[in-house]
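Undergrad: I have a structure I would like to understand better, so I am pasting it below and will then ask my questions one at a time.
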Amino acid sequence: MSNSPEALSPEVWIGLDWGDQNHAFALRDRSGHCEDGTFEHSAENLHQWLEELAGRYGSRPVALAIEASRGAVIHALLQYPWVTIYPINPVTSARYRSAFTPSGAKDDVPDAKVLLELVHLHTAKLRPLEPQDSATVQLTALVEARRGIVDRRTAVTNQLSSLLKSYYPQALQLLGELNTELAVGFLGRWPDLISLKAAKPRTIKQFYYHHQVRSTQLVDERLALIAKARPLTTEEARVSVAVLQLRQLLDQLEVFQKHIPLFDAQIKAAFAAHPEAALFRDLPGAGPQLAPRLCVAFGTIRSLQVDSASMQKLVGVAPVREKSGNQLWTHWRWQAPVFLRQTFVEWAGQTVRYSVWAKIYYERMIKKGKKHAVILRALAFKWIRVLWRCWQDRQPYDEARYLKQLAHRKSPNAVAA
């Protein structure tokens, strides 16, 4: 994307409605010529369309509006430096459309025309897309992919827990966490209570020791539980089917166990090479997972977030205040990236254990009767302001220095003298 004067004076304005199977466009050039059309979804068709535009207009600046800020189409468009991308919030285009189409009628080409009108008539009010550097793009893709795998593993673990409760509830007491090598190995070897009770105590004890369960008391307690355990059901028709389901879920967990460490290794290497890593790697409570996520949340382009308030709104922890007449109310910010908000709220929860002032703030709010989730969102709001300043100044966070500032300002979160 270019920020040159030419980019601010497009030769062509385009609204692109990106669909699943077909894509619609509406175009207007400086001479006043307008056209619209559709093309089928394929990488070849998209590149052909863009190359035809380049040939027709000599690669002069094009302002293109689209209801997306990421994804395959954005990656493709970024390959053409003469295209300035204007991501349009779907809420914005929907409200603009409803203003002129009260019936709510929706069609691909008219939607493209709505996007065209927005980028042609309201360019000054729109913000062009500024792509992050390749290091941030790679790290972002890695941490988001890892989170997706972990979420799927959680879903499988929940299914496994539910299945065990239906025919083999003792396994939940004998294993604790189900997303571990111990649990997968145990259930793979003894998929039901009958096979487990047939095993020799010495064999089970050796299994636990092999999987780093060395507490004699804990192992003895589990052996005693096995000795007195009774099957929830002995109906072979039910147990045999449950075992088949169990093995299918265990296969999935084994895949997750194999690939999550691979992602962890890639994230570690990419984060170490990131130009902003020093600002985030030593944050209180961040650790090897949250530090890279915080890093990509800010990125390297400081002009994208001109103040901490804009960052707080982007993350979704800044409340929305609405006023009508004499009424004023505050509500949750609905339109916010879920993964981004989770990153800051999860990290805020960790800082309560590792940051003195965060712990003081949390305990103060608990005494006031605030709910845990509400406190963490408010704490994330405060942390973003601190981190944004560190990021802008390229200065790593210093807990001791910040505590001195809090004491100087006589903040209620300062350490008591």
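The values are calculated or read from the model by the stated rules, or taken from the named source; none is laboratory data. Everything numeric here is computed off the predicted structure, so don't read it as measured data. Backbone-built Cβ (ideal geometry, glycine too); neighbour counts: all protein chains shown. When the accessible area is computed, the model is the full protein with side chains, heavy atoms only, and any ligands, DNA or RNA have been set aside. Shrake-Rupley method; radii C 1.70, N 1.55, O 1.52, S 1.80 Å.
Undergrad: For Lys125, which lysines qualify as cross-link partners when the Cα separation must be under 26 Å and same-chain residues fewer than eight apart are set aside?
TA: Hits, sequence-local ones excluded: Lys106, Lys113, Lys313, Lys323.
Undergrad: When the gyration tensor of segment 92-230 is built from Cα positions, what are the square roots of 5 times its three eigenvalues, in whole Å, from largest to smallest? Spell out each step's value before the answer.
TA: Working: eigenvalues 697, 83, 21 Å².
Over the Cα atoms of segment 92-230, the ellipsoid semi-axes are 59, 20, 10 Å.
Undergrad: On a 0 to 90 degree scale, rounded to 10, what angle separates helix 108-121 from the longest Cα axis of the chain?
TA: 60 degrees
Undergrad: With the other protein chains left in place, how much accessible area per residue, in square angstrom, belongs to the chain at a 1.4 angstrom probe? Don't jump to the answer; show the numbers that get you there.
TA: Details: 23080 Å² over 417 residues.
Value for the chain: 55 Å² per residue.
Undergrad: For the peptides 267-275, 166-174, 11-19, what is the packing order when you average, over each peptide's residues, the other Cβ atoms within 10 Å and list the highest mean first? Kindly include the intermediate steps, with their values, before the conclusion.
TA: Numbers: 267-275: 16.1, 166-174: 18.6, 11-19: 22.2.
Highest mean packing first, the order is 11-19, 166-174, 267-275.
Undergrad: Among the lysines, select those whose C-alpha is under 20 Å from the C-alpha of Lys370, and discard any that sit fewer than 8 residues away in the same chain.
TA: Hits, sequence-local ones excluded: Lys359, Lys382.
Undergrad: If you don't mind, another one. Taking a probe of 1.4 angstrom, what is the accessible area of His75 in Å², to the nearest 10?
TA: Result for His75: roughly 110 Å² accessible.
Undergrad: Normalising by the residue count of segment 146-198, find the relative contact order in percent from Cα pairs under 8 Å and 6+ residues apart.
TA: It comes to 27 percent, rounded to a whole number.
Undergrad: Could I ask something else about it? To test your reading of the geometry: what angle, between 0 and 90 degrees and rounded to tens, separates the Cα axis of helix 134-167 from the longest principal axis of the chain?
TA: Compared with the principal axis, the helix lies near 40 degrees.
Undergrad: A follow-up question, please. For segment 221-285, what D do you get in µm² per second when you plug the Kirkwood radius from alpha-carbon pairs into Stokes-Einstein at 37 °C and 0.692 mPa s? The partial results should precede the final answer.
TA: Values: Rh = 16.6 Å.
Roughly 198 µm²/s, to the nearest whole number.
Undergrad: Between 0 and 90 degrees, rounded to the nearest ten: what's the tilt of helix 216-228 against the longest Cα principal axis of the chain?
TA: Approximately 80 degrees, to the nearest ten.
Undergrad: Could I ask something else about it? Mind pulling up the Rg/Rh value for the chain? Radius of gyration and Kirkwood radius, both on Cα.
TA: Numbers: Rg = 28.0 Å, Rh = 26.1 Å.
So for the chain, dividing Rg by the Kirkwood Rh gives 1.07.
Undergrad: Between their Cα atoms, which of Lys200/Lys258; Lys165/Lys205; Lys165/Lys228; Lys205/Lys258; Lys367/Lys410; Lys368/Lys404 are more than 22 Å away from each other?
TA: Details: Lys200/Lys258 30 Å; Lys165/Lys205 24 Å; Lys165/Lys228 18 Å; Lys205/Lys258 26 Å; Lys367/Lys410 20 Å; Lys368/Lys404 25 Å.
As for pairs spanning more than 22 Å Cα to Cα, those are Lys200/Lys258; Lys165/Lys205; Lys205/Lys258; Lys368/Lys404.
Undergrad: On to the next question. Under a Cβ-only charge scheme (Lys and Arg +1, Asp and Glu -1), can you give me the dipole magnitude of segment 169-219 about the Cα centre, in debye to the nearest 20?
TA: Its charge dipole is roughly 300 debye.
Undergrad: Assigning unit charges at the beta carbon (Lys, Arg +1; Asp, Glu -1) and nothing else, what dipole magnitude in debye, to the nearest 20, does the chain show about its Cα centre? Write down the numbers at each step before the final one.
TA: On the way: 53 positive and 39 negative charges, 573 e Å.
Dipole size: approximately 2760 debye.
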